[in-house]
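The values are calculated or read from the model by the stated rules, or taken from the named source; none is laboratory data. Please read these numbers as outputs of a predicted model, since none were measured by experiment. Don't worry about glycine lacking a Cβ; one is built from the backbone with ideal geometry, like all the others, and counts go over all protein chains shown.
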Amino acid sequence: MNIKSLKYALLLMLSVFITGQLEAQQDPQFSMNMSTKLYVNPAFAGMNDGICVNMLGRQQWVGFEGRPETYLMSGHGTFMIPGIHLRSGGGISLIGDGLGQMHFTGLKASYSAHIPLNFIGGEPGHLGIGVSAGLLQVAMGSNWRSNVEAYLDPVINDVQYAVNGFDMDLGIYYRTKDVFFGLSATHLNAADFQAEGSELVDFGGVAWNTQFDMARHFYLMGGYDFEIPNYNLIVLKPSVFVKTDLVSAQIDLNMIAEWNHFLWGGITYRYNDAIVALGGVNIGPSFIPKGNIRAGYAYDVTTSRIGKGSNGSHELFVQYCLKLKTQPPVQKHKTVRFL
């Protein structure tokens with residue numbers, strides 16, 4: 001399939017989305033899914049035992065006009081509710097996602113209640129139960145390319161528009177020092193976005209009416225940190241990330257190796273879509289008192305047919321965390337046996 005054919009295929013897919021005849025996965029895709037947990041699971045808020053701020057940018061299918069472009073900013077932290085001594089987490093996420101003429105903008109706040117729960121080998125852990133709510137905007141441009149005049153099609157808008165709607169997510173997340181897993185659902189209220197217009201009726205056009213239904217998405221994630229015996233400078237971090245709208249599913253299998261809590265790298269296999277190489281660096285408290293900066297880059301080699309028209313996908317990520325849990329002071333004692 002050549003680039004010209006891909007453009008027409010994308011236009012056809014967008015038209016189908018607008019008319020609501022197909023409910024495919026609508027949430028943006030991330031390769032560094034281990035760094036976007038808050039956006040898909042509100043129960044993760046505050047699970048880093050401090051305050052964290054994340055920024056991520058993704059350019060998908062570079063070289064393909066109208067390609068997906070996604071930008072995500074989020075922050076979350078841990079706090080205690082006075083009086084009942086309940087550990088909690090709160091966070092906020094802002095996302096912008098574009099695909100051709102379609103653009104999504106979302107802002108949501110998250111809350112998670114952390115319940116102490118130790119059931120994996122007796123290791124201390126917390127179970128988070130979280131909810132998020134916010135505003136989602138769906139906008140559509142009008143710069144269409146078509147073999148016929150767009151204003152003659154009643155499902156294609158001839159002017160730009162933007163529609164807002166309420167959005168809500170729910171999730172659970174469990175974490176110990178070495179293990180995590182989570183289950184969540186986004187867009188629980190399945191908001192319906194509709195717009196209509198008739199600007200060009202007097203010039204021979206037709207009134208248009210478009211409808212976009214936001215499908216519920218479900219996420220499953222899990223992972224384990226494994227220190228190599230007799231060489232604990234290297235930690236292996238296998239994980240799995242599953243996304244589905246109950247019509248189709250996407251499965252990411254991740255394997256990351258981290259050396260001395262400083263350098264990390266690995267590979268992801270996304271079933272029937274891509275092989276991803278990713279890596280980065282951690283800058284810890286030795287350089288940043290009480291804080292940590294984590295930065296990474298991922299490159300997708302597309303294995304599906306659309307890879308013939310693109311030069312892969314790029315993703316950049318940076319995170320700053322400030323640990324609020326203070327370490328106990330080192331106790332030193334002298335003995336009368338030594339001066």
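Worth pointing out:
Rundown of residues vs (1) surrounded by fewer than 17 Cβ atoms within 10 Å (Cβ to Cβ); (2) out of contact with any strand residue (DSSP E or B) (no Cβ under 9 Å at 6 or more places or on another chain); (3) not hydroxyl-bearing (S, T, Y), yes/no style:
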residue: K237; (1), (2), (3): no, no, yes
residue: V247; (1), (2), (3): yes, yes, yes
residue: I267; (1), (2), (3): yes, no, yes
residue: A277; (1), (2), (3): yes, no, yes
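- Taken together, the residues in segment 163-180 that are closer than 30 Å to N232 by Cα and buried (at least 17 other Cβ atoms within 10 Å of the Cβ) amount to 5.
- Among residues of segment 280-322, those that are crowded, with 19+ Cβ neighbours inside 10 Å and out of contact with any Phe, Trp or Tyr (no Cβ under 8 Å at 6 or more places or on another chain), counted: 3
- Any hit, segment 251-269, residues being assigned to a loop (DSSP other than H, G, I, E, B) and either more than 30 Å from K323 (Cα to Cα) or free of Cβ contacts under 8 Å to residues at least 12 places away in the same chain (or both): no
Residues are listed down the side, and each one gets a yes or a no for (1) more than 19 Å from A298 (Cβ to Cβ); (2) at pLDDT 95 or above:
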{"position": "S15", "(1), (2)": "yes, no"}
{"position": "Q29", "(1), (2)": "no, no"}
{"position": "K37", "(1), (2)": "no, yes"}
{"position": "V40", "(1), (2)": "no, yes"}
{"position": "A45", "(1), (2)": "yes, yes"}
{"position": "V53", "(1), (2)": "yes, yes"}
{"position": "L56", "(1), (2)": "no, yes"}
{"position": "W61", "(1), (2)": "no, no"}
{"position": "E69", "(1), (2)": "no, no"}
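- Within segment 221-236, restricting attention to residues that are touching a residue at least 40 places away in the same chain (Cβ under 8 Å) and assigned to a strand (DSSP E or B), the residue that is farthest from the chain's Cα centre (by Cα) is F226.
- Candidates F212, F218, F241 - the one that is in a strand (DSSP E or B), at pLDDT below 90, touching a strand residue (DSSP E or B) at 6+ places or on another chain (Cβ under 9 Å) and closer than 24 Å to Y39 by Cα: F212
- Those residues of segment 244-264 which are among the polar types (S, T, N, Q), modelled with pLDDT under 95 and closer than 17 Å to I275 by Cα, in sequence order: Q250
- Whichever residue in segment 181-191 is over 14 Å from G222 (Cα atoms) and polar (S, T, N, Q) and, among such residues, is surrounded by the fewest Cβ atoms within 10 Å (Cβ to Cβ): N189
- Residues of segment 282-320 satisfying the condition of being out of contact with any strand residue (DSSP E or B) (no Cβ under 6 Å at 6 or more places or on another chain) and farther than 16 Å from Q29 by Cβ: P285, S286, F287, I288, P289, R305, K308, G309, N311
- Among residues of segment 270-286 that are closer than 10 Å to V301 by Cα and among the acidic types (D, E), those with a Cβ under 6 angstrom from a residue that is loosely packed, with under 15 Cβ neighbours inside 10 Å and modelled with pLDDT under 90, sequence gap 6+ or separate chain, pair up as D273/S304.
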